[in-house]
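Structure first, commentary second.
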Amino acid sequence: MSERRVLDFASIQEIMPEVDRLLSGYKPLGTWTLGQTCNHLAKAIRYSADSPAATEPATREHEMIRTRFFRGRFPDNRPAPEGMIPRPDLEDAAEVEKLREAIERFKLASGAGPLHPVIGPLTHEDWERFHCMHAAHHLGFKAPIS
């Protein structure tokens with residue numbers, strides 16, 4: 001596996017231009033296709049946009065994990081949760097459109113966000129930051145050909 005690119009998205013609006021660029025042609029630097037990556041990212045974004053707001057307060061452990069997490073890059077070598085692992089037979093263009101729809105849905109959401117299974121309760125702004133880091137991590141495993 002080749003070394004991945006280092007990407008950094010300041011807002012969720014910056015993700016789709018990179019995805020569209022990759023859709024024009026990319027070299028995989030990891031194991032997932034662009035379609036699988038977009039499917040995985042869209043699931044996480046839909047979860048944060050559609051799930052009910054967290055009602056429990058953040059624990060001290062959540063606070064420590066969140067501080068560490070948002071200080072760095074998305075962690076490597078963490079297995080995706082079972083329901084977030086994409087099937088191998090996904091078509092790139094169709095999954096790109098599903099990601100685009102999920103991002104639009106997220107942009108319409110507001111208020112408190114749902115509980116992240118590791119980081120704890122997140123605000124909408126925290127979720128956006130999470131999605132930017134998550135997308136940068138996974139899209140870095142594809143290099144544009146053009």
> Looking at region 7-40, which of its residues are assigned to a helix (DSSP H, G or I) and hydroxyl-bearing (Ser, Thr, Tyr)?
Replying inline: THR37
> What are the residues in region 33-57 that are modelled with pLDDT under 95 and farther than 14 Å from TRP127 by Cβ, if any?
Replying inline: THR55, GLU56, PRO57
> For region 79-93, which residues satisfy the criterion of being under 21 Å from CYS132 (Cα atoms) and in contact (Cβ under 8 Å) with a residue 12 or more places away in the chain?
Replying inline: ALA80, PRO81, GLY83, MET84, ILE85, PRO86, ASP92, ALA93
>> Being aliphatic (A, V, I, L, M), exposed (fewer than 15 other Cβ atoms within 10 Å of the Cβ), under 12 Å from the mean Cα position of the chain (by Cα) and within 30 Å of GLU3 (Cβ to Cβ) is true for just one of ALA102, ALA80, ALA136, ALA93. Which residue is that?
In response: ALA80
> Can you tell me which residues in region 8-29 are among the hydroxyl-bearing types (Ser, Thr, Tyr) and either within 22 Å of HIS124 (Cβ to Cβ) or in contact with a Leu (Cβ under 9 Å, 6 or more places away or on another chain) (or both)?
Replying inline: SER11, TYR26
> Among the residues of region 110-121, how many are farther than 11 Å from SER51 by Cβ and either more than 15 Å from the chain's Cα centre (by Cα) or part of a strand (DSSP E or B) (or both)?
Replying inline: 4
> Which of (1) part of a helix (DSSP H, G or I); (2) free of Cβ contacts under 8 Å to residues at least 40 places away in the same chain; (3) more than 20 Å from SER11 (Cα to Cα) does HIS62 not meet, given it meets every other one?
Replying inline: (2)
> Listed residues LYS98, LYS43; which is in contact with a helix residue (DSSP H, G or I) (Cβ under 7 Å, 6 or more places away or on another chain), free of Cβ contacts under 8 Å to residues at least 60 places away in the same chain and in a helix (DSSP H, G or I)?
Replying inline: LYS43
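The values are calculated or read from the model by the stated rules, or taken from the named source; none is laboratory data. All values reported here derive from a predicted model rather than from experimental measurement. Because the Cβ atoms are built from the backbone with ideal geometry, glycine has one as well, and the counts that use them run over all protein chains shown.
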